Amino acid sequence: MRRKLVVGNWKMHGSRPANAELLAALLAGRPYRADVAVCVPSIYLNETAATLAGSDLRWGAQDVSAHEQGAYTGEISAAMLAECGCRYTLVGHSERRACHAETDALVAAKAQAALARGVTPIVCVGETLAERDAGQTEAVVKRQLSAVITRLAHCAAEMVVAYEPVWAIGTGRTASPEQALAVHAVLRAQLQAATGHGAAMTILYGGSVKPDNAATLFAQADIDGGLIGGASLKAADFIAICRAAH
Ligand code: PEP
């Protein structure tokens, strides 16, 4: 039985007082039956680590450099994330693919850099509305995942995958459980064929998950939890979503 995982993606939101309040509420909301993590802006990783250390809540980053170290101004290495106690880092979020022109190859290199330092990459894949309407959903997510599987080779089973249809992110439009499940099944079959461990791997759904749809989504056989954007910034909503995962 796979354990559920709920990950908050704060994106570029937060402030010291707001973060302190949110993390205190998440700590007070325990216990959760699922594993729970927050992916915070890197500038707040140390404070998040100090607040959550010793608890069962986990933390991570929203991106990582593909490079080990060197003249890469503004980038943050996987070793630095590991130093901050990061359990996870997102890679290939659609906002980075779209706004920072991240390619499948770069996403794969970032996933590899993270794993090499013991930070679990949460690899985001998902189609745009145009791609869905053109009947390309399966081909797009398989291509995105395939690049990472190839690069990680024998370590591929160690990643977490997040299916995030781009048209559902921050739009209030959620994939139906059937739509999500269909893609999760495709991804799990691909992971199983490539690694032999697909049945044990964690595949999250992300895209306008809210307290009122979380339980139905998380009840689907192949959905192992969620990657939560907007709702992870509101303590009551995120706690309700975490409680819906078990
Ligand atoms: C996300 O940013 O990964 C996300 C799923 O956002 P939202 O929950 O706001 O759609």
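Read the figures in this text as sums done on the coordinates, not as results from a lab. What you are looking at is a predicted structure, and each value in this text was computed from that prediction instead of being measured. Counting neighbours? That spans all protein chains shown, and the Cβs are built from the backbone with ideal geometry, glycine included.
Scoring 222-230, 130-138 by mean Cβ neighbours within 10 Å over their residues and listing the highest first yields 222-230, 130-138. For region 5-244, the extents of the C-alpha atoms along the principal axes are 46, 45, 32 Å, listed from largest to smallest. Taking every C-alpha pair closer than 8 Å and separated by at least 6 residues, the mean separation divided by the residue count of the chain gives a relative contact order of 22 percent. Remark: spin-label model distance Y72-A189 equals 3.6 nm, labels positioned 7 Å along the Cα→Cβ axis. At what distance in angstrom do the alpha carbon centres of region 124-149 and region 1-67 lie from each other? Each part reduced to its Cα centre gives a spacing of 28 Å.
Positive-end ranking of T216, I122, M159 along the dipole of the chain, with charges on Cβ about the Cα centre, is headed by T216. Restricting region 147-222 to trypsin sites (Lys or Arg not before Pro) that sit in a DSSP loop and have at most 14 other Cβ atoms within 10 Å of their own Cβ leaves R173.
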